[in-house]
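Have a look at the structure below before the remarks.
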Amino acid sequence: MKNWGLAFVILSLCIFVFYGQYYQGKNKQEQALAQSNAEPYSNVLYEHETPKISEIKVKPWLTIERCSPVVLDDKLVIDDWLLALQNQDKQSHWHEYLAQLDTCLHHYVQSYMDYKRALQEVDDNLNIFERNTLLKALQLEYFSPQTIALWFEEENQWNEQALQRWRILADRRLSEQQQQQLIEQHISQLPEQERQLIQSSSRLHQLAENWQQQDFNQLSSQYGEAAAQRIIELQKKTRQWQSKLTKFKKLRAKIAAKALTSAHKVSAIEKLKQSLFDVNEQKRLSIALTELENSH
């Protein structure tokens, strides 16, 4: 009986130890399983944590540089920079030297260079009125009205004043004495610096008044043979241009008087333009016709 009691006690202890190890192992498995299930979510949360400010790297293209409004001095800086490049024969490669300028000026440099390039392509045969009209159109194409007012106001005022004097000289209804009086009156109302510039170039005004009527000998005696030759060539081109304008105006009027549809009239006038004028002449045609009609 005692042996059975002892065996029972030993069997009970073995069962207790077995179940203790069983439940301990089961708890470890459950903990491991719970940990393995939680790890993906903990990683996701970690990856989406709000980073520290010091760890944030701003992409270059997201950086916005704040520039102050453009002023007249900015144009002077660009002009000085271009002059320095020109003196070193580097102006054609100006893109390579942009780093010498403030980055806020880079956009204006591009517009300014495009504007200057457009000016170089202007037809040499344009008269002063056509040239001024085209000049204003180009300024509006490449610059804002605010930039034009700051950068070109003085130049545009000078041009307008020159146009007023040319209109006086071109008005054939006025006698020479009347023209002279109006010119003097106009000049007297200008600032002192401008008056001095005009007075020092009075010979140019005399040339503007009668350059188309003077012959080579008269011109060469006053301005030299080289200048006289250029003026004679300009006289020839001017006469040819005026003849083309007159012819076009007459033929256009005949087309407009015909019993044609609007589309056919437009087509006929376009063909007439192409037959009388080259590509450059067609660009200045509308301005020239306006000036021609205003002069009559």
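The values are calculated or read from the model by the stated rules, or taken from the named source; none is laboratory data. As the structure is a computational prediction, the values presented were derived from the model and not from experiment. No Cβ is skipped: glycine too gets one built from the backbone with ideal geometry, and neighbour counts run over all protein chains shown.
Quick grid of which residues meet (1) surrounded by fewer than 16 Cβ atoms within 10 Å (Cβ to Cβ); (2) within 17 Å of the chain's Cα centre (by Cα); (3) not small (G, A, S):
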site	(1), (2), (3)
R131	no, no, yes
A149	yes, yes, no
Q157	yes, no, yes
Q181	yes, no, yes
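Pairs under 6 Å by beta carbon, first residue on the phi < 0 side of the Ramachandran plot in the range 230-247, partner of a type in the set (A, V, I, L, M) and at pLDDT 90 or above, six or more apart or different chains?
Listed pairs, sorted by first residue: K244/L276.
In the list R172, R131, R165, which residue meets the criterion of being touching a residue at least 24 places away in the same chain (Cβ under 8 Å) and over 26 Å from D73 (Cα atoms)?
Values: R172 fails: touching a residue at least 24 places away in the same chain (Cβ under 8 Å); R131 fails: touching a residue at least 24 places away in the same chain (Cβ under 8 Å).
Among R172, R131, R165, only R165 is touching a residue at least 24 places away in the same chain (Cβ under 8 Å) and over 26 Å from D73 (Cα atoms).
Please enumerate the residues belonging to the range 105-118 that are surrounded by 12 or more Cβ atoms within 10 Å (Cβ to Cβ) and at pLDDT below 90. Full working, then the answer.
First, pick out the residues of the range 105-118 that are surrounded by 12 or more Cβ atoms within 10 Å (Cβ to Cβ): 105-106, 108-116, 118.
Matches in the range 105-118: none.
I'd like to verify a number: residues in the range 275-295 that are surrounded by 11 or more Cβ atoms within 10 Å (Cβ to Cβ) and more than 20 Å from L134 (Cα to Cα), how many?
Result for the range 275-295: 1.
Considering only residues that are closer than 30 Å to E96 by Cβ and surrounded by 12 or more Cβ atoms within 10 Å (Cβ to Cβ), which ones fall in the range 133-147? Break it down into steps so the answer makes sense when it comes.
We begin by selecting, within the range 133-147, every residue closer than 30 Å to E96 by Cβ; these are 135, 138-144, 146-147.
Answer for the range 133-147, where residues must be closer than 30 Å to E96 by Cβ and surrounded by 12 or more Cβ atoms within 10 Å (Cβ to Cβ): L135, L138, Q139, Y142, F143, S144, T147.
I'd like the residue in the range 51-86 that is surrounded by 12 or more Cβ atoms within 10 Å (Cβ to Cβ) and not in a helix (DSSP H, G or I) and, out of all such residues, is modelled with the lowest pLDDT.
Per the criteria, the residue is C67.
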